[in-house]
């Protein structure tokens, strides 16, 4: 809408979200135009339709969605906005796909400072631009004070799968190698530290990052040797390996000393009573790769800034119990189960 | 995951959502499999990936997203689940597009009864099946008691636009006819009645419905004579016409007696202090149509069950002030502004 139709300028510095910002009238139009469109800045949004249109080539596409409810909203290395963009891009990328477009839907709590919302929207816009994946459509709802928690964001992503590729959860085979792209536990510990107001000698920073560039190099190097990829977010590496074991009908044998964990993360986990294997990551991936492709994929990953600490951490094995077993250098072993309870609420 | 991996069956009758249902572990896998996959039932979900893959033809696609926070969760004529499916299908359809796939993301409040959640999921599944638009991917988050309000749902839809069609908000021209597909105000009054525990002699039922079938007949009848369509949800017909006036740079002149409103809705609006022009609809559309196509489009709409009360309610006019003017049979007129405040919070 044209600026002259506004009665007064949006007071981003001192203003707060109120119910009129979700009512479909003038206040909502102003919030959308002055805050969200400003931050996301592209022609699809400027066109002002309730949907975004774009041309696609014939082929295979993927669609994925996630809601983000992380608490606190801001943490070292990111915030709920950049996390939503990275997380959704990563779920598209885990299919080997190139992400094309994002949507973003906001549930705002009455009373949220507009300055906080702007900081989040700007962070989302910056993350989307850095990744080259625009936020082309969105929605805003407002609920009464005490009926939400600041802001929740739901993002959906679509992308296009390179011809011939069909990664899927049931495709791991005994003998396949398991490659992890880097250290585990950084995101979960960063959020928990902030939530509990802990500070450590070495700052622990969330690994939140968009992995589609890394994935593109893996696809080039590994092609159809890539069986399945997944980003170990909620539930951590332990849950991801258990999911894949269940879905593929295999076991996994993982060498504990091959799994990279930063010393400060290990220390913080001991303090907080957490197991790094179950702590969320937001910029890491696990790939199950055919043995003959594993070295080429690993080399490609190590040549990418987001994969420089990548390692082969183990392999899939025939196991009708579908157990994930962690072996130690001394010949010992333990079963890694999924958590049945809740270790880290509101981590993403 | 295979059922044998569950420790005990999900107690849908007496159970409640707890934080473990959002933790990425066994409890979440069980909730997703036994409640959501059961309700939505399709091969994409059964494949168990974090994204759904499908083949597309070369062409133009649209993407749209919405969050649903309606309170109460259940009302006459629908619930938050069917509303989310219908609303997102409609935003795809308003581009003249055929909806293909939906995603659904849930934010659940700890303590929500699993039986309520199942009722909502079953209703979504039924709405999606009736519309022929599957829910192919999703996400579940859980927040602590008092940090949300039962359940919020975010849905995203994608669809394909018939060749040659490019409906958009800026395309209304002076002389174009404004067609409304039926009565206004039904949804908003149905929700408000339920929220305030009002009962009327004649029950008022939400008009929540998927409009893509109606739109397909309009596209066949009107083709490129269709300039722009929009569903008058939050803010009602008044906000929709003001948005289109702003975006197209025209005014609208609407004949008050041509706008269909059910007598019981008029009566309830008087009681509740609402103006039907600003009350939300969830199964209605406004189409701005070239004058030479208007009769053919209207006839096609009237032949469809969801358009049988369709009417030409006015036309676009040259007006640099972009006013929406309502004229009465007695020659009078008034300007219909958008609401600047909030008339009906949490209506969708």
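The values are calculated or read from the model by the stated rules, or taken from the named source; none is laboratory data. Just so it is clear, the structure is predicted and the values come from calculations on it, not from any experiment. Positions of Cβ are backbone-derived with ideal geometry, glycine not excepted, and every protein chain shown enters the neighbour counts.
Would you check if residue B:201 is at pLDDT 95 or above and on the phi < 0 side of the Ramachandran plot? Walk me through how you get there before you give the answer.
Details: at pLDDT 95 or above: no; on the phi < 0 side of the Ramachandran plot: yes.
Considered against the rule, which asks whether it is at pLDDT 95 or above and on the phi < 0 side of the Ramachandran plot, residue B:201 comes out as no.
Could you say whether any residue in the range A:306-326 is away from chain B (no Cβ under 14 Å), modelled with pLDDT of 95 or more, in a helix (DSSP H, G or I) and under 28 Å from residue A:193 (Cβ atoms)? Break it down stepwise before answering.
Taking the range A:306-326 as the starting set, the residues that turn out to be away from chain B (no Cβ under 14 Å) are A:306-318, A:325-326.
Cutting the leftovers down to modelled with pLDDT of 95 or more gives us A:306-318, A:325-326.
Adding the requirement that they be in a helix (DSSP H, G or I) leaves A:306-307.
Next cut, under 28 Å from residue A:193 (Cβ atoms) only: A:306-307.
Yes, because at least one residue in the range A:306-326 is away from chain B (no Cβ under 14 Å), modelled with pLDDT of 95 or more, in a helix (DSSP H, G or I) and under 28 Å from residue A:193 (Cβ atoms).
Please tell me if residue A:17 is facing chain B (nearest Cβ under 10 Å), touching a residue at least 60 places away in the same chain (Cβ under 8 Å) and touching a helix residue (DSSP H, G or I) at 6+ places or on another chain (Cβ under 8 Å). Full working, then the answer.
On the way: facing chain B (nearest Cβ under 10 Å): no; touching a residue at least 60 places away in the same chain (Cβ under 8 Å): yes; touching a helix residue (DSSP H, G or I) at 6+ places or on another chain (Cβ under 8 Å): yes.
In short, no.
Filter the range B:22-31 down to residues that are part of a helix (DSSP H, G or I) and within 11 Å of another protein chain (Cβ to nearest Cβ) and give me whichever is surrounded by the most Cβ atoms within 10 Å (Cβ to Cβ).
As a first pass, look at the range B:22-31 and keep what is part of a helix (DSSP H, G or I): B:22, B:26-31.
Filter once more, keeping what is within 11 Å of another protein chain (Cβ to nearest Cβ): B:22, B:26-30.
Numbers: B:22: 28, B:26: 21, B:27: 24, B:28: 22, B:29: 21, B:30: 21.
Per the stated criteria, the residue is B:22.
If I filter the range B:208-230 for residues that are closer than 30 Å to residue B:268 by Cα and within 11 Å of chain A (Cβ to nearest Cβ), do I get at least one hit?
Among the residues of the range B:208-230, at least one is closer than 30 Å to residue B:268 by Cα and within 11 Å of chain A (Cβ to nearest Cβ), which makes the answer yes.
When the range B:200-209 is examined, which residues are found to be surrounded by 11 or more Cβ atoms within 10 Å (Cβ to Cβ) and farther than 13 Å from residue B:77 by Cβ? If you could, list the steps in order and put the result at the bottom.
First pass over the range B:200-209, keeping only residues surrounded by 11 or more Cβ atoms within 10 Å (Cβ to Cβ): B:200, B:202-209.
Across the range B:200-209, the qualifying residues are B:200, B:202.
Starting from the range A:186-212, keep only residues that are not assigned by TED's automatic domain parsing to the domain that holds residue A:304, then list their pairs with residues that are crowded, with 24+ Cβ neighbours inside 10 Å whose Cβ atoms are within a distance under 8 Å, requiring at least 6 positions of separation or different chains.
Qualifying pairs under 8 Å: none.
Any residue that is in a strand (DSSP E or B), closer than 27 Å to residue A:344 by Cα and not assigned by TED's automatic domain parsing to the domain that holds residue A:84 - is there at least one of those in the range A:237-252?
Just the residues of the range A:237-252 that are in a strand (DSSP E or B), to begin with: A:251-252.
This time we only want the ones that are closer than 27 Å to residue A:344 by Cα, so: A:251-252.
Checking the rest, the ones that are also not assigned by TED's automatic domain parsing to the domain that holds residue A:84 come to A:251-252.
Scanning the range A:237-252, I find at least one residue that is in a strand (DSSP E or B), closer than 27 Å to residue A:344 by Cα and not assigned by TED's automatic domain parsing to the domain that holds residue A:84, so the answer is yes.
Of all residues in the range B:51-72, how many are surrounded by fewer than 23 Cβ atoms within 10 Å (Cβ to Cβ), in contact with a strand residue (DSSP E or B) (Cβ under 7 Å, 6 or more places away or on another chain) and in contact (Cβ under 8 Å) with a residue 40 or more places away in the chain?
The qualifying residues number 4.
So for the range A:196-204 (the condition being over 15 Å from the mean Cα position of the chain (by Cα) and not in a loop (DSSP other than H, G, I, E, B)), does at least one residue qualify? Can you show your working first?
So the first thing to find is which residues in the range A:196-204 are over 15 Å from the mean Cα position of the chain (by Cα), and the list is A:196-204.
Remaining after also requiring not in a loop (DSSP other than H, G, I, E, B): none.
Taking every residue of the range A:196-204 in turn, none turns out to be over 15 Å from the mean Cα position of the chain (by Cα) and not in a loop (DSSP other than H, G, I, E, B).
Return a yes/no flag: does the range B:79-91 have any residue that is within 7 Å of another protein chain (Cβ to nearest Cβ) and in contact with a strand residue (DSSP E or B) (Cβ under 8 Å, 6 or more places away or on another chain). Please lay out each step first, then the result.
Narrowing the range B:79-91 to residues within 7 Å of another protein chain (Cβ to nearest Cβ): B:91.
From what's left, in contact with a strand residue (DSSP E or B) (Cβ under 8 Å, 6 or more places away or on another chain): B:91.
Yes: one or more hits.
Could you tell me how many of the residues in the range B:183-198 are surrounded by fewer than 22 Cβ atoms within 10 Å (Cβ to Cβ) and modelled with pLDDT of 95 or more?
Final tally of qualifying residues: 1.
Residue by residue through the range B:58-77, note down the ones that are more than 7 Å from chain A (Cβ to nearest Cβ) and at negative phi. Even if it seems obvious, please write down each step before you answer.
Of the range B:58-77, the ones more than 7 Å from chain A (Cβ to nearest Cβ) are B:68, B:70-77.
Of everything in the range B:58-77, those that are more than 7 Å from chain A (Cβ to nearest Cβ) and at negative phi turn out to be B:68, B:70, B:71, B:72, B:73, B:74, B:75, B:76.
Can you confirm whether residue A:180 is away from chain B (no Cβ under 14 Å), within 25 Å of residue B:29 (Cβ to Cβ) and in contact (Cβ under 8 Å) with a residue 40 or more places away in the chain?
Numbers: away from chain B (no Cβ under 14 Å): yes; within 25 Å of residue B:29 (Cβ to Cβ): yes; in contact (Cβ under 8 Å) with a residue 40 or more places away in the chain: yes.
Yes.
Only residues that are within 11 Å of chain B (Cβ to nearest Cβ) and closer than 14 Å to residue B:29 by Cα: list them for the range A:239-248, please. Before you say what the answer is, go through the steps one by one.
We begin by selecting, within the range A:239-248, every residue within 11 Å of chain B (Cβ to nearest Cβ); these are A:239-240, A:242-248.
Those that are within 11 Å of chain B (Cβ to nearest Cβ) and closer than 14 Å to residue B:29 by Cα: A:239, A:240, A:242, A:243, A:244, A:245, A:246, A:247.
Any idea which of B:268, B:316 is more than 23 Å from the chain's Cα centre (by Cα) and either farther than 22 Å from residue B:87 by Cβ or not assigned by TED's automatic domain parsing to the domain that holds residue B:93 (or both)?
Working: B:268 fails: more than 23 Å from the chain's Cα centre (by Cα).
Matching residue, one of B:268, B:316: B:316.
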